[in-house]
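Asker: Here it is: the structure, laid out below.
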Amino acid sequence: MDDSDRVLMIPALGTLRGLIIDFNNSTMPNVEQFLGIEYGTYSKRFEPSKERTNFESRNGLVKKMDQYGPACIQKIWTKIELLKIGRTEKWIDDYYLKRLLPHIMNQSENCLYLNIYQPLVKRNMGHTDALLPVLFFIHGDNDMGSGNVYDGSLLASMGHMVVVTINYRLGILGFLHIPNTPLRGNYGLMDLYTGLHWVKNFIRYFNGDPNQITIFGHGTGANLASLLLTMDTVNGIQKKQPSLVQRLVLIGGSLLHQRTYPPINFQEFATVTRYMYVTAPSIKFARLVQKASSKSRLYSFLLNKYDHNGLSYFFGKSLMMNSEYAELVKNSKRHGRGASKPTIGGTQNNGR
């Protein structure tokens, strides 16, 4: 792994240098990695993200993209025996402890980063086939995980495609919806939408074709991937814009999965927190959650008190349905939005 000899000068992004992965194989092109690119930002917790395009390198210096950005906030399981509920020893040893845990120890609420893996394929730049197809990968793993876990180098090299992996807000911070308050939920889904727009606007600078984007999701990521395709702004229905996505790969999930729409049970949520806080009107409680310090008891309670079989299911395991998104999905089924996209579906065996 060496620094790349070339730099990319990208308007609004600055001057970037990546890393070269040398496979030392004549049949496999080397890959250039650009790690930890901040694609989105938001000013306050529980707000929609906006595309980040204004981080020009200071004084014109080259910005080395050789480190992953922090993972999004999630529970670190210190009591491994609790992870064994519904999971196998193999999944815990081979995946959680060896692969996932090293990538999620560095966490932050400012976590909207993506990674780009670009194969160094020789192309005739004078022809339309100069740009490569793009694979936009959305990780699953419910309330845990990070795009950083999935190194896209091998896939990019063997498939001659540009691979993008992405972080998005998870669990309570990504999907909490409290009725009759500004906390409308689905912030993680909005992050993916923001990231998709970023890729559409900038992937050509990484030799990717913005008109050949395939979304690949597994598990919860497949649920979210298919939900993205129901959005008018993704499909190009709104204002008759070109579609942002051309193909879809779903492994182990879809928007029709029952866990995509867990029940909203705010009363249960309020009841279990009563021993810490006097039950307040939802608008007051929403303000408490939004302003809670990361060192506060409430913040710790929300993120760490329950496992995936507990309360977090209602607010973090998958998409939180509110009236806006319920209508969105209802209309998508009625009008067949996204149905015209070439789609591959399948199941997964993740060792659980």
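The values are calculated or read from the model by the stated rules, or taken from the named source; none is laboratory data. Fair warning: this is a prediction, and the values are worked out from it, not measured in the lab. With ideal geometry, Cβ positions are generated from the backbone for all residues, glycine too; neighbour counts draw on all protein chains shown.
Asker: Can you find even one residue in the stretch 16-39 that is at pLDDT below 90, in contact with a helix residue (DSSP H, G or I) (Cβ under 8 Å, 6 or more places away or on another chain) and not in a helix (DSSP H, G or I)?
Answerer: Within the stretch 16-39 (the criterion being at pLDDT below 90, in contact with a helix residue (DSSP H, G or I) (Cβ under 8 Å, 6 or more places away or on another chain) and not in a helix (DSSP H, G or I)), the answer is no, since none of the residues qualifies.
Asker: Now, a different point. Quick one: would you say residue 171 is more than 11 Å from the chain's Cα centre (by Cα) and either buried (at least 20 other Cβ atoms within 10 Å of the Cβ) or acidic (Asp, Glu) (or both)?
Answerer: It is true that residue 171 is more than 11 Å from the chain's Cα centre (by Cα) and either buried (at least 20 other Cβ atoms within 10 Å of the Cβ) or acidic (Asp, Glu) (or both).
Asker: Give, as residue ranges, the helices (runs of 4 or more DSSP H) completely inside the stretch 173-289 that count at least 1 residues that are in contact with a Phe, Trp or Tyr (Cβ under 7 Å, 6 or more places away or on another chain), farther than 22 Å from residue 344 by Cα and at pLDDT below 75.
Answerer: Filter on the stretch 173-289 gives 266-272.
Asker: State whether the residues of the stretch 49-70 include one that is surrounded by 17 or more Cβ atoms within 10 Å (Cβ to Cβ) and of a type in the set (Asp, Glu).
Answerer: Yes; the residues of the stretch 49-70 include at least one that is surrounded by 17 or more Cβ atoms within 10 Å (Cβ to Cβ) and of a type in the set (Asp, Glu).
Asker: Given the conditions (1) outside any loop (DSSP other than H, G, I, E, B); (2) hydroxyl-bearing (Ser, Thr, Tyr); (3) farther than 27 Å from residue 173 by Cβ, report the number of the one that residue 95 does not fulfil.
Answerer: (3)
Asker: Give me the pairs: first residue in the stretch 138-165 and among the polar types (S, T, N, Q), second residue assigned to a helix (DSSP H, G or I), beta-carbon distance under 6 Å, and six or more apart or on different chains, which are they?
Answerer: If the second residue must be assigned to a helix (DSSP H, G or I), the pairs left are 142/220; 146/103; 146/104; 148/103; 165/147.
Asker: List the pairs whose first member sits in the stretch 285-303 and is among the aromatic types (Phe, Trp, Tyr), whose second member is surrounded by 12 or more Cβ atoms within 10 Å (Cβ to Cβ) and not in a helix (DSSP H, G or I), and whose Cβ atoms are under 6 Å apart, counting only residues at least 6 apart or on separate chains?
Answerer: Close Cβ pairs (under 6 Å, with a partner that is surrounded by 12 or more Cβ atoms within 10 Å (Cβ to Cβ) and not in a helix (DSSP H, G or I)) amount to 299/292.
Asker: Here are some conditions: (1) under 23 Å from the mean Cα position of the chain (by Cα); (2) of a type outside the set (Ser, Thr, Tyr); (3) modelled with pLDDT of 85 or more; (4) surrounded by 12 or more Cβ atoms within 10 Å (Cβ to Cβ). Residue 93 meets all but one. Which one does it not meet?
Answerer: The number of the failed condition is (1).
Asker: Report every pair of residues separated by at least 6 positions or lying on different chains whose Cβ atoms are under 6 Å apart, first residue within the stretch 89-116 and of a type in the set (Phe, Trp, Tyr), second not in a loop (DSSP other than H, G, I, E, B).
Answerer: 113/36; 113/38
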